[in-house]
1. Which condition number in (1) over 24 Å from I162 (Cβ atoms); (2) under 13 Å from the mean Cα position of the chain (by Cα) is the one that A13 fails?
2. Inside segment 114-135, can you point out the residues that are among the β-branched types (V, I, T) and surrounded by fewer than 14 Cβ atoms within 10 Å (Cβ to Cβ)?
3. For segment 85-113, what are the residues that are modelled with pLDDT of 90 or more and either surrounded by fewer than 17 Cβ atoms within 10 Å (Cβ to Cβ) or not hydrophobic (A, V, I, L, M, F, W, C) (or both)?
4. For segment 113-163, enumerate the residues that are part of a loop (DSSP other than H, G, I, E, B), touching a residue at least 12 places away in the same chain (Cβ under 8 Å) and on the phi > 0 side of the Ramachandran plot.
Amino acid sequence: GFRLASQIGTTAAFVLEMGKVLSRDSAQRVGAHLERFWWYEDMEGLGEIKLIRPKVIVVDSVQKLGRQRKSIVAQLRQWAMDGNTTLILVSQKGKHGASRHGEDDDFDCDAVVDVEHGSTPQQAQSAIHGFDGKPTRCKMNHAHVAIAKSRICPLVAFDVPIVG
């Protein structure tokens with residue numbers, strides 16, 4: 001999410017789960033353009049959005065919004081629609097593949113992207129790549145990315161290098 005956001009432009013990153021230091025380190029390791037970020041450890045930074053005018057807002061993770069989740073996500077969606085900008089909501093998946101805690105914030109999203117380990121240090125996992133639906137081995141030292149739902153691109157899966 002950080003690397004994608006920085007490729008789009010100025011980013012307001014609300015790093016509720018890992019905080020600024022760890023999130024910045026993670027973003028740097030995956031090849032994000034750090035000079036494009038404004039970092040916030042809580043949602044009070046929303047008041048600065050009109051001043052910094054980001055092209056992207058990232059919230060990591062949406063579960064950390066707690067009871068305010070519904071109203072904050074609604075506010076951020078409106079911001080994205082009004083400004084023709086991008087909102088990236090990071091959500092943790094549970095062991096059954098659904099968002100933890102049963103949130104359904106992806107209902108109106110333009111795209112849902114699942115990112116998983118493509119390999120361990122010992123072996124590559126098998127997953128569907130491309131459009132054919134036939135599982136093949138993931139590339140070593142890569143993450144497996146699947147477009148699970150989309151209004152803006154085809155449903156496709158592929159591997160991306162882990163930069164770091």
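The values are calculated or read from the model by the stated rules, or taken from the named source; none is laboratory data. Because the structure is a prediction, the values reported are computed rather than measured. Cβ atoms come from the backbone with ideal geometry, glycine included; neighbour counts cover every protein chain shown.
1. Condition not satisfied by A13: (1).
2. Scanning segment 114-135 gives V115, T120.
3. Scanning segment 85-113 gives T85, T86.
4. Answer for segment 113-163, where residues must be part of a loop (DSSP other than H, G, I, E, B), touching a residue at least 12 places away in the same chain (Cβ under 8 Å) and on the phi > 0 side of the Ramachandran plot: just N141.
Residues are listed down the side, and each one gets a yes or a no for (1) surrounded by fewer than 17 Cβ atoms within 10 Å (Cβ to Cβ); (2) under 20 Å from the mean Cα position of the chain (by Cα); (3) under 25 Å from A32 (Cα atoms):
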site: R137; (1), (2), (3): yes, no, no
site: H142; (1), (2), (3): no, yes, yes
site: S150; (1), (2), (3): yes, yes, yes
site: L155; (1), (2), (3): yes, yes, yes
